[in-house]
Structure formats: structure tokens, C-alpha cells
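Participant: Below you will find the structure I want to go over with you.
The values are calculated or read from the model by the stated rules, or taken from the named source; none is laboratory data. A quick note: this is a predicted structure, and the numbers were derived from the prediction, not measured. FYI the Cβ positions are ideal-geometry reconstructions off the backbone, even for glycines, and counts take in every protein chain you see. Keep in mind that these areas ignore ligands, DNA and RNA; they rest on the heavy atoms of the full protein, side chains included. Shrake-Rupley method; radii C 1.70, N 1.55, O 1.52, S 1.80 Å.
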Amino acid sequence: QNPYRDQNSLHLLRAAGCLSLLAFGMSLLALYGIKLWRRLAPRWCADRQLYRVCYRAVLDSLADIGVCRHFGETREEFAHRLRGLVPEFVELSESHVRQWFSAGTVQDRPYWINLQAAAASRLNGAISRPRRWLRWFNPFSWLRAR
């Protein structure tokens with residue numbers, strides 16, 4: 001038997017393991033980066049896209065705690081279902097739909113930022129502190145926001 005053959009196999013196995021671990025780490029980092037970007041995007045996006053980005057940021061916050069639209073549920077139905085948890089989300093959702101279908105008029109930046117902040121604040125107040133911290137550990141939650 002060739003002792004170098006076993007040694008080469010071991011080196012290959014270690015290299016494959018290191019590459020797999022590196023790929024997993026990079027994927028996880030990318031998912032967390034996307035999650036953070038989607039949360040902070042309203043601060044930097046263009047005014048014409050603000051309605052969409054603010055709405056998406058609140059949807060992401062809701063998805064973080066496991067609250068998502070059901071299959072076949074409209075945005076309006078979803079907002080009304082959450083009226084008790086986050087009343088500001090109803091106005092945000094209605095304004096989002098109005099803005100989506102309007103051709104040219106754009107709400108001012110403070111309107112959208114304040115509405116998003118109010119909804120986020122209400123949501124933070126509605127959940128426990130441990131749950132607020134735990135929601136950041138799921139790198140996939142934003143994939144459930146729709």
C-alpha cells in the first residue's frame with residue numbers, strides 16, 4: 001500500500017470540509033447582509049421607491065416574529081387582520097396600495113419614514129424583549145415577507 005495515497009485523501013477531505021464551511025459562512029453572511037440592508041434601505045432609497053421599501057421593511061419585521069400573509073390573502077386583508085397588533089400597518093398598507101396605483105404623485109419622505117417608524121415601534125412594544133432579540137438570529141425570515 002502507498003501511505004501517501006491515504007495522506008492525500010485526508011488532505012483532500014480536509015480541504016473540502018474547509019471549503020464547505022467557508023461557503024456556508026459566506027452564505028450566512030450574505031443572508032444577514034440582505035436582511036440588514038432591507039431593514040436600513042428606507043434611509044437611503046429614492047423618494048419614488050420609499051413607499052415600497054418602507055412597506056417591505058415592516059413586512060420583514062413582521063416576518064421576523066412569524067407573522068406573514070396567508071396564501072391567497074390580499075394585502076388589505078392582511079393589514080386588517082393585524083389591526084389589533086399594529087394599527088399603523090393598516091394605514092401603511094392602504095397608502096402603499098394607493099401609491100402603487102397612482103401615476104405621478106409621491107408622498108413626502110417624512111410621511112413614509114414616520115409611518116414605518118410608528119409601525120416598527122408599535123410592533124416592538126407588542127412583543128417581549130427576548131423575542132425582540134431572537135428575531136435577529138433568523139437569517140431567512142425576510143424570505144417569508146410578501
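Participant: Quick one: would you say CYS54 is part of a loop (DSSP other than H, G, I, E, B), surrounded by 11 or more Cβ atoms within 10 Å (Cβ to Cβ) and on the phi < 0 side of the Ramachandran plot?
Facilitator: no
Participant: While we're looking at this one, here's another question. How many residues, within region 102-146, are at pLDDT 85 or above and more than 20 Å from the chain's Cα centre (by Cα)?
Facilitator: 4
Participant: Which residue pairs have Cβ atoms closer than 7 Å, lie 6 or more positions apart in sequence or on different chains, and pair a first residue in region 112-123 that is open to solvent by 60 Å² or more (accessible area, probe 1.4 Å) with a second residue that is assigned to a helix (DSSP H, G or I)?
Facilitator: ARG122/GLU88
Participant: Residue check, ARG38 against (1) basic (Lys, Arg); (2) in a helix (DSSP H, G or I); (3) closer than 20 Å to GLY125 by Cα, all met but one. Which one?
Facilitator: Just one mismatch for ARG38, condition (3).
Participant: Looking at (1) of a type outside the set (S, T, N, Q); (2) within 21 Å of LYS35 (Cα to Cα); (3) in contact with an Asp or Glu (Cβ under 7 Å, 6 or more places away or on another chain); (4) assigned to a loop (DSSP other than H, G, I, E, B), which one does GLY66 not meet, given that it meets all the others?
Facilitator: Failing condition for GLY66: (3).
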